[in-house]
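*Asks:* One structure, as structure tokens, below. Some questions next.
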Amino acid sequence: MASEKEGGTTTVPARPGDEAQDRSFHSVGKPIRRVDARGKVTGETRFADDLSLPGMLHMKLKRSTVPHARILAVDATRALALPGVRAVLTGKEFPVPYGILPVSQDENALCTDKVRFVGDPVAAVVAVDELTAEEGARLVEVKYEPLTTIGSPEEALRNPEPQIHAYGKGNIHRSVAFDFGDVPGAIAGAAHVFEDSFFYQGNTHLPLEQHATLAYLDQNGLLTISSSTQVPHYLHRAASKVLGLPPARVRIIAPPQGGGFGGKTDPFNHEIVAGKAALLTGRPVKIALTREEVFFCHRGRHPVQMRMKTGVDAEGRILGHSVETLLDGGAYGSYGMASMHYTGALETVTYRMDRYRFRGCRTFTNKPPCGPKRGHGTPQPRFGLEVQIDKICEKLGIDPAEWRIRNAVPPDSVTANWMKVGTIGLVACLEAVVKASGWKERRGKLGRGRGLGIAASSYMCGAGHPIYFNDMPHSGVQLLLDRGGGVTAYCGSTEVGQGSDNVLALLIAEVLGVEPADVKLVTGDTSLTPIDLGSYSSRVTLMMGNAAIDAAERARDRLAIAAAQKLGIPPERVGFGGGRVFDVSDPGTGMTFAEAVVRAESAGGTVGVVGSYRPPPPPARYKGGGVGPSPAYSYSAAVVEVEADETTGIVRPVKIWVAHDIGRSLNPVAVRGQVVGSVYMGLGEALMEEQAFKRLPPKLSSALVHVGPSMLDYKSPLTLDMPEVECFLVEDPEPSGPFGAKEVGQGPLLPIPPALANAVHDALGVRVDEVPVTPEKVMAALRSPSRRCGPEGFPVVPWPEALDVPPPWEGGDGNARNEPPRPPKKKEGVRP
């Protein structure tokens, strides 16, 4: 239990009398020191920007100063004449496009024909040191022919020309429409109908570590790119394609990272250009982005406008729910197709909805491209839904906490849009925060300027499909056991600060009965490790974890057979623990783990095994149903207490109670760190963070520029802004998770913004239907006759024809009625 000042952490079972914490575990569930802790606290850990090699050159990018223009000419004459400059690269060296999604291969490593936002890279200068490279970049001259700037989704809808990308429909990247049952009919028959518009401002990841890359040719001529990437596998794919090299001639290494939060999940131009520069010069080439350049890379939270219409019966049960979203995608595709789908896909997995309707549209604009940030596409609609539920409960005189408890999705069910839910600890989460906060006794009774708000949420434990659909594993782990009893694990997973290395070592140690610190790790290296698809979508614990257990069990089986022969017992009586292998009926009889390895190697050769995992096929078979399915979903609930000053509009969080359905906590200290980190990030989004832009006056070029691309101007909470956080870990082991574990890296963020907005309403009686909830918006709501600040209406969007997908309870089979049925997929298991 943490100190009272820091807030407490309590583990509670999902059901009364169900003690999920199995005391037979020797490592799982214990607050064991992280395996990478010593290196990080002593400064020995080497991040990408710490890397250097003899003869290393430095690279800087020449970036566009205009938001939308054709490139007429790039003149590198003056740059090449600068002493110390070794090379200048332009778009002509990079004709092959790339992108993270197969449907959005729309980026070039350096712009070839046009620029699409202020900061788009046009040229790269390679020099003997960083200052010379920077000066050389300033000397590169670029002539532009300006094009009309598209500054917002509304402008994108009104102006199909000039197209930012030729493959779009005008300046619409993509739009979708789904009907899961007759929502208009359900709403027409509802006792009460609620319609609201919301807006969620875009924001960025702000990891402590900026992007950095070192590219070089090894002694065998293999191009090696060491980079702060969350997706070495997909960077490997993109670099091989763009550079025209066989995949076997490209190696990607992902060193430990100082945070990512989704901001390093795209293949980035600077990574590929550094590789090309190393090939051209024959020398190592390094680039480290400035903080301003990280804002240009972006790939952060999409600004989303939303319209929600919900019909309920007299008790408040949802009969029909309609969601429309309009996304500002920025200049490139990135993960945008998936982001758009996620603004609707997970709307159904928290509360029961008989019928559901979703419309989503993503537009291109001349801004840095948006992509995945912690919660990827789901915090925006979660904000709208949770605030609208608060309004429904207020109108019907229902306690918002009780409504959520009564309407939670039941376990082992399939939703209207064919998402399969397994275990669900949502009710226990809600009950924990309601009790701890004194919700029933204190809500609405704290006096003017002080209030409580509640919200709940759900999130996935990894995507059910890979980005490039195939039947191969999503994660693999290889183990080598040596004669001295050492265990080395190889896995393509990427440690970005979230603790994936710790999870890998912990699970292997648990199965083999050794200590996590005794497991040596080789991770994030495409030449040495089996593939893991990357650190995104909260997938690593479940997918890498299952692969690790699979491998460890295979190794354990070999050791058990060899040890059983020596002990004269059946293999099923062999136990592992404390660095020993023994007879479980007589623990004093046995041998050391090292002796068991020697016996297994003597009997069958080197003890090397592999394990892998891919999720089972989801029930959704309609086009677009590949976004949203997951092997499991986590759940969170939060109560936020605020002080709100009606004379200034300043909102100050006082205390937060948050509960998370973790399945099983592998390391409660690490889990709490993830929960509190999510709360911190959620508060930033709720109160102050904005990826905002402004147009310069025409005499200054009319450029669309970032308002504050620095940590000085971009507002984010400081340590003193954080309130006390009391954390509850709800345990209901998930059968599909490793030892029952679920994700914790992203889900706990989602309830914080709507809970805060609902608390402001309890404190001052006003609604702020958009984030961030700034003092200006609070004051505007106080002055408004409607006692509300938020968007009025929703833009007119040309929606496509909707796919008609009947819900399970209406005789559906997961296909759409108005598209050809898709054949069922072959059954997939943990061991493909």
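The values are calculated or read from the model by the stated rules, or taken from the named source; none is laboratory data. Everything numeric in this text was worked out from a predicted model, so none of it was measured. With ideal geometry, Cβ positions are generated from the backbone for all residues, glycine too; neighbour counts draw on all protein chains shown. To get the accessible areas, we keep the full protein, side chains included, count just its heavy atoms, and leave off ligands, DNA and RNA. Shrake-Rupley method; radii C 1.70, N 1.55, O 1.52, S 1.80 Å.
*Asks:* Kindly provide the set of residues from segment 469-478 that are more than 25 Å from Thr348 (Cα to Cα), surrounded by fewer than 24 Cβ atoms within 10 Å (Cβ to Cβ) and in contact (Cβ under 8 Å) with a residue 60 or more places away in the chain, ordered by number.
*Replies:* Taking segment 469-478 first, the residues more than 25 Å from Thr348 (Cα to Cα) are 470-478.
Pick out the ones that are also surrounded by fewer than 24 Cβ atoms within 10 Å (Cβ to Cβ) and you get 470-472, 478.
Asp471, Met472, Gln478 - these are the residues of segment 469-478 that are more than 25 Å from Thr348 (Cα to Cα), surrounded by fewer than 24 Cβ atoms within 10 Å (Cβ to Cβ) and in contact (Cβ under 8 Å) with a residue 60 or more places away in the chain.
*Asks:* Is it fair to say Ser240 is outside any loop (DSSP other than H, G, I, E, B), among the small types (Gly, Ala, Ser) and touching a helix residue (DSSP H, G or I) at 6+ places or on another chain (Cβ under 6 Å)?
*Replies:* yes
*Asks:* Take the residues in segment 438-468 that are free of Cβ contacts under 8 Å to residues at least 60 places away in the same chain and in a helix (DSSP H, G or I), then tell me which one is least open to solvent (accessible area, probe 1.4 Å).
*Replies:* Here the residue is Arg442.
*Asks:* Could you check segment 168-197 and list, in sequence order, the residues that are of a type in the set (A, V, I, L, M, F, W, C), open to solvent by less than 40 Å² (accessible area, probe 1.4 Å) and not in a loop (DSSP other than H, G, I, E, B)?
*Replies:* Scanning segment 168-197 gives Ile172, Val176, Ala177, Phe178, Phe180, Val183, Ala186, Ile187, Phe194.
*Asks:* Would you mind listing the strands (runs of 3 or more DSSP E) fully within segment 283-347 where at least 2 residues are touching a helix residue (DSSP H, G or I) at 6+ places or on another chain (Cβ under 9 Å) and within 30 Å of Asp218 (Cβ to Cβ)?
*Replies:* Per the criteria, 285-288.
*Asks:* Shifting gears a bit: Output the residues belonging to segment 118-131 that are in contact (Cβ under 8 Å) with a residue 40 or more places away in the chain and open to solvent by 10 Å² or more (accessible area, probe 1.4 Å).
*Replies:* Val118, Val128, Asp129, Glu130
*Asks:* If only one of Tyr351, Tyr332, Tyr356 is assigned by TED's automatic domain parsing to the domain that holds Asp769, out of contact with any strand residue (DSSP E or B) (no Cβ under 6 Å at 6 or more places or on another chain) and modelled with pLDDT of 95 or more, which one is it?
*Replies:* Going through Tyr351, Tyr332, Tyr356 in turn, the sole match is Tyr351.
*Asks:* Determine whether Ala548 is open to solvent by less than 10 Å² (accessible area, probe 1.4 Å), more than 21 Å from Gly745 (Cα to Cα), in contact with a helix residue (DSSP H, G or I) (Cβ under 9 Å, 6 or more places away or on another chain) and at pLDDT 95 or above.
*Replies:* Here the answer is no, as Ala548 does not meet what is asked.
*Asks:* Would you confirm whether or not segment 283-291 contains a residue that is surrounded by 24 or more Cβ atoms within 10 Å (Cβ to Cβ) and touching a Gly at 6+ places or on another chain (Cβ under 6 Å)? Before the answer, list the steps.
*Replies:* Restricting attention to segment 283-291, the residues satisfying the condition of being surrounded by 24 or more Cβ atoms within 10 Å (Cβ to Cβ) are 285-287.
Right, trim to touching a Gly at 6+ places or on another chain (Cβ under 6 Å) and you get none.
Taking every residue of segment 283-291 in turn, none turns out to be surrounded by 24 or more Cβ atoms within 10 Å (Cβ to Cβ) and touching a Gly at 6+ places or on another chain (Cβ under 6 Å).
Here is a yes/no grid of residues against (1) in contact (Cβ under 8 Å) with a residue 40 or more places away in the chain; (2) closer than 26 Å to Thr10 by Cβ; (3) within 22 Å of the chain's Cα centre (by Cα); (4) buried (at least 24 other Cβ atoms within 10 Å of the Cβ):
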position: Gly663; (1), (2), (3), (4): yes, yes, yes, yes
position: Gly677; (1), (2), (3), (4): no, yes, yes, no
position: Tyr680; (1), (2), (3), (4): yes, yes, yes, no
position: Leu696; (1), (2), (3), (4): no, no, no, no
position: Val705; (1), (2), (3), (4): yes, no, no, no
position: Ser710; (1), (2), (3), (4): yes, no, no, no
position: Asp713; (1), (2), (3), (4): no, no, no, no
position: Pro733; (1), (2), (3), (4): yes, yes, no, no
position: Ile752; (1), (2), (3), (4): yes, yes, yes, yes
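*Asks:* Only one residue in Pro619, Pro629 is under 29 Å from Pro372 (Cα atoms), touching a Lys or Arg at 6+ places or on another chain (Cβ under 9 Å) and surrounded by fewer than 19 Cβ atoms within 10 Å (Cβ to Cβ), so which one is that?
*Replies:* Pro619
*Asks:* Quick one: which residue in Tyr200, Tyr216 is out of contact with any Lys or Arg (no Cβ under 7 Å at 6 or more places or on another chain), aromatic (Phe, Trp, Tyr), over 23 Å from Gly371 (Cβ atoms) and surrounded by 15 or more Cβ atoms within 10 Å (Cβ to Cβ)?
*Replies:* Tyr216
*Asks:* Picking from Glu690, Glu685, which residue would you name as being charged (D, E, K, R), buried (at least 24 other Cβ atoms within 10 Å of the Cβ) and under 21 Å from the mean Cα position of the chain (by Cα)? It would help to see each step written out before you state the result.
*Replies:* Working: Glu690 fails: buried (at least 24 other Cβ atoms within 10 Å of the Cβ).
Glu685 is the lone residue from the list that is charged (D, E, K, R), buried (at least 24 other Cβ atoms within 10 Å of the Cβ) and under 21 Å from the mean Cα position of the chain (by Cα).
*Asks:* While we're on this one: Do you know which of the residues in segment 413-437 that are of a type outside the set (A, V, I, L, M, F, W, C) and assigned to a helix (DSSP H, G or I) is least open to solvent (accessible area, probe 1.4 Å)?
*Replies:* Filtering first and then ranking leaves Ser437.
*Asks:* For segment 186-197, does any single residue satisfy the condition of being of a type in the set (A, V, I, L, M, F, W, C) and within 23 Å of Val96 (Cα to Cα)?
*Replies:* no
*Asks:* What pairs come out if I take residues in segment 160-176 that are aromatic (Phe, Trp, Tyr) and pair them with residues that are open to solvent by less than 20 Å² (accessible area, probe 1.4 Å) whose C-beta lies under 9 Å away, six or more apart or interchain?
*Replies:* Tyr167/Ser104; Tyr167/Asp106; Tyr167/His173; Tyr167/Gly333
*Asks:* So is Gly604 open to solvent by 40 Å² or more (accessible area, probe 1.4 Å), modelled with pLDDT of 95 or more and more than 26 Å from Phe469 (Cα to Cα) or not?
*Replies:* yes
*Asks:* Only one of (1) in contact with a helix residue (DSSP H, G or I) (Cβ under 7 Å, 6 or more places away or on another chain); (2) free of Cβ contacts under 8 Å to residues at least 40 places away in the same chain is not met by Arg249, so which one is it?
*Replies:* Single failed check for Arg249: (1).
*Asks:* On to the next question. Could you say which residue among Ala277, Ala338, Ala314 is touching a residue at least 12 places away in the same chain (Cβ under 8 Å), open to solvent by less than 10 Å² (accessible area, probe 1.4 Å) and of a type in the set (Gly, Ala, Ser)?
*Replies:* Ala277
*Asks:* Could you identify the single residue in Val773, Val805, Val766 that is among the hydrophobic types (A, V, I, L, M, F, W, C), within 23 Å of Gly447 (Cβ to Cβ), within 29 Å of the chain's Cα centre (by Cα) and modelled with pLDDT of 95 or more? Can you show your working first?
*Replies:* Details: Val805 fails: within 23 Å of Gly447 (Cβ to Cβ); Val766 fails: within 29 Å of the chain's Cα centre (by Cα).
Of Val773, Val805, Val766, the one residue that is among the hydrophobic types (A, V, I, L, M, F, W, C), within 23 Å of Gly447 (Cβ to Cβ), within 29 Å of the chain's Cα centre (by Cα) and modelled with pLDDT of 95 or more is Val773.
*Asks:* Which residues, counting only those in segment 67-95, are touching an Asp or Glu at 6+ places or on another chain (Cβ under 7 Å) and β-branched (Val, Ile, Thr)?
*Replies:* Within segment 67-95, just Ile71 meets the criteria.
*Asks:* Let me ask something additional. In segment 501-527, what count of residues is obtained for those that are without any contact (Cβ under 8 Å) to a residue 40 or more places away in the chain and closer than 22 Å to Asp471 by Cα?
*Replies:* Here the count works out to 0.
*Asks:* Got a number for residues in segment 479-498 being closer than 30 Å to Leu346 by Cα and either open to solvent by less than 10 Å² (accessible area, probe 1.4 Å) or touching an Asp or Glu at 6+ places or on another chain (Cβ under 8 Å) (or both)?
*Replies:* Looking only at that region, the number is 5.
*Asks:* A further question follows. Would you tally the residues in segment 219-237 being among the aliphatic types (A, V, I, L, M) and open to solvent by 10 Å² or more (accessible area, probe 1.4 Å)? Steps first, please.
*Replies:* Pass one, segment 219-237, residues among the aliphatic types (A, V, I, L, M): 222-223, 225, 231, 235.
Okay, now just the ones that are also open to solvent by 10 Å² or more (accessible area, probe 1.4 Å), so 222.
Total meeting the criteria: 1.
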